[in-house]
Amino acid sequence: MEKTSSQASLRPLGPVRLFFKAPGERRRPPREADVVVHLFEPDAPGLPIFHNFREFWPLRDELAGSVKSFLCFSLGVWAADKLVCRASWPDAWTREIVLEFPSSSDLLKAGQRLAHLAGFLTGDKWDLRPREAPLPLNFGASWPQFGKPTAVVLFSGGLDSLVGAIDLLEEGHRLVLVSHYDYGQLAATQQTLAAALAQNYGRDRLYHLQIRVQLEGPELSLRSRSLLYLALALTAAGAFPTTLPVTVPENGWISLNPPLTLNRLGSYSTRTTHPYFIRELAGLWQDLGLGFGVANPGQDLTKGEMLARCRNLRLLRELFPLSVSCARPVVGRWRRQPAGACGYCYPCLMRRVALHRMGWDRGEHYRVDVLGQASALRHRVQGQDLRSLCLALKTWQENPGAILARLWWGEYKPGETEGFSAPWRLLTTGFQEIANWLYGGGEAAIRNFLGNDGLDALPASYPSD
């Protein structure tokens, strides 16, 4: 690795070595470290991770070591994921990363399991080296409410997390909504939605915990982001005397994330809430004595089904325009346009598919209406994900087994996947939603690309909700 102070110019000549410095740690980073990161400390060597961890509540004594160690592990993986460019590696994807991170004694023997989790998410080869070190993270906030929460929910500001929060509130839960943000517009979206929920259900029913974690880095794929989000949720849950369930609301289509084309196999398609990852993470937490369960209530549902089955459709219809599903909501700034949903990234497309099922899809809500612009399908950038979606639909119509064969299950035993999802039903319903959206509102160019045979084969209606 060429030694450099600029993370943008890291070029591999071997494994990249990242050293995560603990707050106040006097130990000098090893000379062979290619990059050093730290939770922001003035004048500390290396690259700062900016944060507001003071907003966390003090942890239960018996959990503090394991929870803080898992948080540091997740921060280290996330930092390396941002700093090491995939394009510099021989296959332009798979990196070799050595991560040395501070830990209590609780995680010292879990290095291989942690490396397996990180590798499943990112598709990289991880050599994790936890070292015992004090972890003075200084969580000093006070719980401001008179009632204790009954669940912790990840709250991204997207449509799925909005549905998940509404459903749990309708069930009578008192929630901690945990949000991560690294730029202002996302924080504002989360605040607006949380305030609307509090106004509807009462301020004593939820507390919105927004955690900033920010590090500048050149790599944008960020396959490890869910690891950080779950670590933040775990840190919030660990403050309370009872063991709270951690809920990760995401639709099963994105959770399984069937590769649309052959060049999206493996971790090229995200695995952020894949059932195998969730199962392995829950098992690790149990073995560490943490006892927190992790659940995704949308695991067996498409995004359209999640919306259709929401327990308060009136409120969802009122609030969904305030949510953001876009992968690049700030791309408009480069053209001096207001921020907003781009309309052509994969999350925007799947959002529109789901909203079409509800009768709520409006092309004018997006910077680019891919169904209303004849040129969108041919556009090099704006049509990339749309073309992939169309190709996947054609493959499904001609040979559905080919799509099913692309799914990656992790290290399951034969037949074990049946307990985690119903992939055939999920794919059938998901592609039906996609086809109805594309055929129902698409330009002639899209319909011609797909052909009319697929339209004739579509079922007349969805399965009963």
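Once the stretch 255-273 is narrowed to residues that are of a type in the set (S, T, N, Q) and more than 17 Å from Arg95 (Cβ to Cβ), the residue that is modelled with the lowest pLDDT is Ser269.
Out of all the residues in the stretch 235-256, which are surrounded by fewer than 21 Cβ atoms within 10 Å (Cβ to Cβ) and of a type in the set (Val, Ile, Thr)? Correct list: Thr242, Thr243.
For every residue, the table says whether it meets (1) of a type in the set (A, V, I, L, M); (2) within 15 Å of the chain's Cα centre (by Cα).
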position: Pro134; (1), (2): no, no
position: Ala141; (1), (2): yes, no
position: Gly158; (1), (2): no, yes
position: Tyr183; (1), (2): no, no
position: Leu186; (1), (2): yes, yes
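Restricting to the stretch 58-73, and then to whatever is of a type in the set (A, V, I, L, M) and part of a helix (DSSP H, G or I), can you tell me which residue is farthest from Gly291 (Cα to Cα)? Per the criteria, the residue is Leu71.
Just to be sure, is Glu32 touching a residue at least 40 places away in the same chain (Cβ under 8 Å) and among the acidic types (Asp, Glu)?
So Glu32 fails the test.
The combined condition, being outside any strand (DSSP E or B), in contact with a Gly (Cβ under 7 Å, 6 or more places away or on another chain), at negative phi and not assigned by TED's automatic domain parsing to the domain that holds Ser224, is fulfilled by Asp106.
Can you tell me which residue is farthest from Asn436 (Cα to Cα) among those in the stretch 347-403 that are among the polar types (S, T, N, Q) and either touching a strand residue (DSSP E or B) at 6+ places or on another chain (Cβ under 6 Å) or surrounded by 17 or more Cβ atoms within 10 Å (Cβ to Cβ) (or both)? This residue is Gln382. Gly298 meets the conditions (1) buried (at least 17 other Cβ atoms within 10 Å of the Cβ); (2) at pLDDT 95 or above; (3) assigned to a helix (DSSP H, G or I) in every case but one. The failed one is (3). Is at least one residue of the stretch 215-225 within 30 Å of Arg309 (Cβ to Cβ) and either at pLDDT 95 or above or β-branched (Val, Ile, Thr) (or both)? No, the stretch 215-225 contains no residue that is within 30 Å of Arg309 (Cβ to Cβ) and either at pLDDT 95 or above or β-branched (Val, Ile, Thr) (or both).
Being more than 17 Å from the chain's Cα centre (by Cα), of a type in the set (S, T, N, Q) and not assigned by TED's automatic domain parsing to the domain that holds Ile49 holds for only one residue in Thr242, Thr302, Thr273, and it is Thr242. Taking the stretch 87-119 only, how many residues are within 19 Å of the chain's Cα centre (by Cα) and buried (at least 19 other Cβ atoms within 10 Å of the Cβ)? Number of matching residues: 4.
Which ones in the stretch 135-184 are of a type in the set (D, E, K, R) and either within 20 Å of Phe53 (Cβ to Cβ) or surrounded by fewer than 16 Cβ atoms within 10 Å (Cβ to Cβ) (or both)?
Matches in the stretch 135-184: Lys148, Glu170, Glu171, Asp182.
Residues are listed down the side, and each one gets a yes or a no for (1) among the aromatic types (Phe, Trp, Tyr); (2) modelled with pLDDT under 95; (3) in a loop (DSSP other than H, G, I, E, B); (4) on the phi < 0 side of the Ramachandran plot:
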{"residue": "Arg17", "(1), (2), (3), (4)": "no, no, no, yes"}
{"residue": "Arg27", "(1), (2), (3), (4)": "no, yes, yes, yes"}
{"residue": "His38", "(1), (2), (3), (4)": "no, no, no, yes"}
{"residue": "Phe50", "(1), (2), (3), (4)": "yes, no, no, yes"}
{"residue": "Arg54", "(1), (2), (3), (4)": "no, no, no, yes"}
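The values are calculated or read from the model by the stated rules, or taken from the named source; none is laboratory data. Keep in mind that what you see is a predicted model, and the values were worked out from it rather than measured. Virtual Cβ from ideal backbone geometry, glycine too; neighbours counted across all protein chains shown.
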